[in-house]
Number of protein chains: 2
Amino acid sequence: MTPRTSPGPRERLLAAGQQLFYSQGASVGVDALLKEANVARRSLYEHFGDKDGLIAAVLHRASAEDLAWYENALAGATEPRARLLGLFDRLDELVATPDFRGCRYFATDLSFADPAHPAHAETDAFRRSLHALLVRELEAMGHAHPERAAEQLHLLIEGTLVVGATQDGHHPGRAARDLAAVVLD
Amino acid sequence: MTPRTSPGPRERLLAAGQQLFYSQGASVGVDALLKEANVARRSLYEHFGDKDGLIAAVLHRASAEDLAWYENALAGATEPRARLLGLFDRLDELVATPDFRGCRYFATDLSFADPAHPAHAETDAFRRSLHALLVRELEAMGHAHPERAAEQLHLLIEGTLVVGATQDGHHPGRAARDLAAVVLD
DNA sequence: TTAGAAGTAGACCAACTGTTCTACTTTCCA
DNA sequence: TGGAAAGTAGAACAGTTGGTCTACTTCTAA
C-alpha cells in the first residue's frame, strides 16, 4: 500500500548526490545538493548524519548499480570468453558518452587524502566485488590462472576508463579488448 | 655569479606546491602552501597572480620533471624493445613507493570540473608529450603501427598507475609488462 | 479527529577560503 | 652610500563552507 507515488527526500538526496558528486566532484557544496534534490537542509542531516555520510551512502548505492552494469555488460553473450570480450565493447561505448568523466571510485579516493575517510571503505569494497566478478568469469571459462588474469583485466579496465576520460576520439575499449583477448589465452 | 646559495621564494613555492598538491590534492589551502614554502603571502600573488597560476606553474614544472623520469626509465637499456619493457619495471617500482598516490595529471583533471581551467592545458600537454615519446620509441624499433601501439602502451601505463595507487601488494607493472610485450610484437 | 512523526523554509553561526592591503625589513646594484 | 626592488609579517575582507536551530506545514496512522 501507499506505493509512494514520488520518491522521498532520502531517495532524492541519493540521486542528486550520485549525479553531482560524479559531474562536479566530492567538493560540491551542500547547498547545491539540497537545491538539486529539492530537499530541506534538515533532511540531509537527519538521514545521513553529515555530508560524509551522504557521500558514503551514495557510493554504496552507486556500487550496487555499477556492478549490475558489469553483470549486464557480460550478459551480452553466453560463451564465457565472448562474455568478457563483450565487456570491453560496452566499456568502449561507455567512455564515449559525452559526460563520461572517469571512474567514480578512483576519483573519490583522490578527493580524500585522509585514509580514514569512510568513502575509502566503499571504494575498496567495490573493487573487491569487481575483482571477484572477474575471477568468477575466468573460472567459468576454465582459465589456468584466474587470479592473475583478473588483475590484468582489471588493469585494462582502469586504463580504458582513464584514457576514455582524458582523451577524446580514441577507442581505448578496442585497444583494451585486443589485449584482453591475449589475457584470456 | 651570485649562485643563489638558497632558492628564492618562487622556487620554494613551486617545490611546496609540487609536494602538497600531489599528497593532498589541489584543494590544499594557500596558508598551508605558504607555511610549507616559508614564504610571505604577497610573494605568491606577485609571482603567480593567484592560486590557479601557481597550480599551472607547478604542473608545467612537474611535467618536465616527469618526462625526464620517463626518459631516464627508458635509458636503462639500449635495445629499443628492452627500453620500453624496462619502463614497466621502473613503473612497478614507482607505484610500490609508500607515498605513491597515482597520476598527478589525472588527479588534477578530476579536481577541476571546469574545462576552461588553466590546469587542463598543462595536463593535455603532458599527455601529448608522453604519447610522442612512446611513438618515437616504437618507430625506433621499427614497429608496424606506432600510433596504435603507443595508445595501447599509454593505456597500460595509466592502468598500472591506477591499480598501483588503489591496491597494495599487487605488481601492476609486471602485469602490464607482459601485455606490453604483446603490443611490441 | 487528532497526536506525532517527517518534511520544508530559512535564519544563523563559526570556521575557513582566496585575496588585498599596509608597514616594515632585507637585498643588491649603481 | 643611497635608493629602488623584492621579501616578510600579518591584519583585514568578503564570500563560502558545513552544520545547528527555530518555526511552520504536511502527512499519516491509531
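The values are calculated or read from the model by the stated rules, or taken from the named source; none is laboratory data. Note that this is a predicted model, so its numbers are computed, not measured. Positions of Cβ are generated from backbone atoms using ideal geometry, with glycine treated the same way; all protein chains shown enter the neighbour counts. Protein only, heavy atoms only, side chains kept; ligands, DNA and RNA dropped before computing areas. Shrake-Rupley method; radii C 1.70, N 1.55, O 1.52, S 1.80 Å.
Data for the structure
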item: Å³ per residue enclosed by the Cα convex hull of the protein assembly as shown; result: 169 Å³
item: Stokes-Einstein D (µm²/s) once Rh is taken as the Kirkwood radius of chain B over alpha-carbon pairs, at 37 °C in 0.692 mPa s; result: 184 µm²/s
item: Computed [θ] at 222 nm, helices only, for chain B once each DSSP H run of length n ≥ 4 contributes -39500 (n - 2.57); result: -24500 deg cm²/dmol
item: Cα point-scatterer Debye curve for segment B:94-185, base-10 log of I(q)/I(0) at q = 0.19 Å⁻¹; result: -0.97
item: Accessible surface buried once B binds A (1.4 Å probe; total of both sides; Å²); result: 2800 Å²
item: Two-decimal log10 I(q)/I(0) for segment B:102-150, as the Debye equation yields it once each C-alpha is a single scatterer, q = 0.31 Å⁻¹; result: -1.04
item: Per-residue mean of C-beta atoms belonging to partner chains within 10 Å, peptide B:157-170; result: 6
item: Percent carbon-and-sulfur accessible area, the protein assembly as shown, ignoring ligands, DNA and RNA, probe 1.4 Å; result: 52 percent
item: Teacher prompt: B:Gly53 distances to equivalent labels in other copies, 7 Å Cα→Cβ, nm; result: 4.4
item: Under 23 Å from A:Lys35, Cα to Cα: lysines that are on another chain or at least 8 residues apart; result: A:Lys51
item: Protein-only accessible surface order, largest first, of B:Glu151, B:Glu36 at 1.4 Å; result: B:Glu36, B:Glu151
item: Over segment A:45-141, equivalent-ellipsoid semi-axes from the Cα gyration tensor in Å; result: 29, 15, 12
item: Average accessible area per residue (Å²) across chain B - probe 1.4 Å, nucleic acids and ligands excluded; result: 48 Å²
item: Local net charge near A:Glu65, Cβ-Cβ under 11 Å (Lys/Arg +1, Asp/Glu -1); result: 0
item: Gap separating the Cα centres of segment B:122-185 and segment A:70-138, nearest whole Å; result: 21 Å
item: Shortest-first nm distances, A:Asn38 label point to equivalent points in other copies (7 Å, Cα→Cβ); result: 5.8
item: Segment B:1-60: Rg to Rh, with Rh as the Kirkwood radius over Cα pairs; result: 0.97
